[in-house]
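The values are calculated or read from the model by the stated rules, or taken from the named source; none is laboratory data. The model shown is predicted, which means the values in this text are computed figures rather than measured ones. Heads up, the Cβs are rebuilt from the backbone with ideal geometry, glycines too, and the neighbour counts pull from every protein chain shown.
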Amino acid sequence: MAKVQSGTDVKSQFKTLSEADIQASTDDASFRKGYDYYLNHAIVEPTLSEPVLRAFCHSSSGSPYHVEATLLPAGDKSAHKLASAGCSCPRGGFCKHLVALLLIWLHQPERFVVRTGLMGRLSEKSREELLNLLEQLVQRQPDIEPLVELLIELPLATTTQEKKRPGRGREPTLDPSTIRSRVDSAFYHAGEGWGAAGRVAAELDPLCDIGKSFAEAGEWANAQVVYATVAEETVIQYEDLHDEGQVSWILSKCAAGLVACLNAQPTLPRSERLEAEEREELLTTLFDLWKFGHNYGGIGVDIPAAIAGNATAPERKRVEAWLREEMRPGQDSSFYRAKARSHWQRLPGNWDTGQTSMEARDATTINLARNA
Ligand SMILES: [Zn+2]
């Protein structure tokens, strides 16, 4: 086996990073605290699995935070300093833990143990050996079994050509219950109170990535299953969560994925397009996400425009019926309804939102009052 390398041995392979770059990526307080963390050795077990820096950081809540940053190759000419970065702490984004991790990389690269060659070593194994290894992995970590079941359905071939599997655009092969149980377990294990939303989002984000892999391979039916199941299950559990924006961000990702699914349909050959039933489910989920966005704010995706741009005449009738049902006077204030209607009324083609002439007059009054 090759000698164990440290970060120092491989540092020159990656794009350089300065203290000023790190400072410019975050706010002053996070940079200061991150510097203290770095000086006080709060970051443990730093490893480099090329090109990803990883480490843990002790947290006051008990379970350690997992922080990582993906380095860019030395020849990279872009303005970016890193390919990606993230942390499982509630703040997320460019937090103090990330600052500390990168300061170690900058000043003490020898602390990083380089884990190279894993893929190379695996590629030398026979099919039987690999299956055996997987079996042992699942036996020792039984909780990864559902994840393996999900990943098995992914288009795993390396070339785009091989990834395209005829008919898989319209044929869902994923079992939504596998995804549902992962979403439920994310909420269950996240607990309650401050920080729970960040923990939920950290668990749900990889599921969105799986949806993205299906979409990239043109397996829209499976992409829809992933995004819709994550979205529906999350909306159900959302009420009891103290969200600080992380979970609504996940819902935005789901909405964007489902909109991409809808927008892709007219570009596909007929044999790859979703069936009417799946399309209806797609519209239903999108409509629910629009309602969610209107109630809670924070879905940065123009769902009404996507629906209006794609709906067939019968589909539009159905969506209008949902809208009229939603906009029935009684449950919500007329201000709420006027605001919700405005999302649809601005679209071309006169969407019927069931507005009475009296409500139209009220809406105008509200708008006038707001603009005054
Ligand atoms: Zn953090």
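Residues in the range 313-352 that are acidic (D, E), in contact (Cβ under 8 Å) with a residue 24 or more places away in the chain and part of a loop (DSSP other than H, G, I, E, B): 1 in all. From the list G93, G62, G34, which residue is in contact with a Lys or Arg (Cβ under 7 Å, 6 or more places away or on another chain), outside the structural domain of G198 (by TED's automatic domain parsing) and of a type outside the set (D, E, K, R)? Among G93, G62, G34, only G34 is in contact with a Lys or Arg (Cβ under 7 Å, 6 or more places away or on another chain), outside the structural domain of G198 (by TED's automatic domain parsing) and of a type outside the set (D, E, K, R). When restricted to residues that are over 28 Å from the mean Cα position of the chain (by Cα) and in a helix (DSSP H, G or I), the range 105-116 contains 5. Residues in the range 201-211 that are touching a Ser or Thr at 6+ places or on another chain (Cβ under 8 Å) and touching a residue at least 24 places away in the same chain (Cβ under 8 Å): A202, L204.
Evaluated against (1) over 30 Å from R182 (Cβ atoms); (2) away from the ligand (no atom under 16 Å from the Cβ), L48 falls short on exactly one condition, (1). Among the residues making up the range 251-279, those that are among the small types (G, A, S) and within 18 Å of T312 (Cβ to Cβ) are A264, A276.
Please enumerate the residues belonging to the range 7-46 that are in a strand (DSSP E or B) and crowded, with 16+ Cβ neighbours inside 10 Å.
Within the range 7-46, F14, I43, P46 qualify.
Out of curiosity, is L101 part of a helix (DSSP H, G or I) and surrounded by fewer than 19 Cβ atoms within 10 Å (Cβ to Cβ)? No; evaluated as a whole, the condition is false for this residue. The number of residues in the range 252-288 that are buried (at least 18 other Cβ atoms within 10 Å of the Cβ) and not in a helix (DSSP H, G or I) comes to 2. All conditions in (1) touching a Phe, Trp or Tyr at 6+ places or on another chain (Cβ under 7 Å); (2) within 16 Å of the ligand (Cβ to nearest atom); (3) modelled with pLDDT under 95 hold for A42, with the sole exception of (1). Against the list (1) small (G, A, S); (2) in contact (Cβ under 8 Å) with a residue 12 or more places away in the chain; (3) under 29 Å from G191 (Cα atoms), the condition A83 fails is (3). Of all residues in the range 73-82, none satisfies being surrounded by 14 or more Cβ atoms within 10 Å (Cβ to Cβ), of a type in the set (S, T, Y) and assigned by TED's automatic domain parsing to the domain that holds K15.
The test for being assigned to a helix (DSSP H, G or I), charged (D, E, K, R) and touching a residue at least 12 places away in the same chain (Cβ under 8 Å) does not hold for E129. Tell me, please, whether a residue that is within 11 Å of the ligand (Cβ to nearest atom) and assigned to a loop (DSSP other than H, G, I, E, B) can be found in the range 66-86. No, the conditions are met nowhere in the range 66-86. Contact map, the range 35-55: residues that are under 14 Å from F112 (Cα atoms) paired with residues that are surrounded by 15 or more Cβ atoms within 10 Å (Cβ to Cβ) and acidic (D, E), Cβ distance under 8 Å, separation 6+ or inter-chain. Pairs shown: V52/E68; L53/E68; R54/E68; A55/E68. Entry remark, the range 240-251: residues being crowded, with 18+ Cβ neighbours inside 10 Å and of a type in the set (D, E, K, R) number 1 in total.
Taken residue by residue, the range 144-160 has no member that is within 14 Å of the ligand (Cβ to nearest atom), closer than 19 Å to P206 by Cβ, at pLDDT below 80 and in a loop (DSSP other than H, G, I, E, B). Could you go through the range 106-122 and let me know if any residue there is hydroxyl-bearing (S, T, Y) and closer than 30 Å to V247 by Cα. The answer is no; no qualifying residue exists.
Looking only at the range 298-307, decide whether some residue is among the small types (G, A, S), closer than 25 Å to N350 by Cβ and surrounded by fewer than 19 Cβ atoms within 10 Å (Cβ to Cβ). Checking the range 298-307: at least one residue is among the small types (G, A, S), closer than 25 Å to N350 by Cβ and surrounded by fewer than 19 Cβ atoms within 10 Å (Cβ to Cβ). The residue that is nearest to G198 (Cα to Cα), counting only those in the range 91-136 that are of a type in the set (A, V, I, L, M) and within 16 Å of the ligand (Cβ to nearest atom), is L98. Taking the numbered list (1) at pLDDT 95 or above; (2) among the hydrophobic types (A, V, I, L, M, F, W, C); (3) within 20 Å of G7 (Cα to Cα) in turn, A85 passes all entries but (1).
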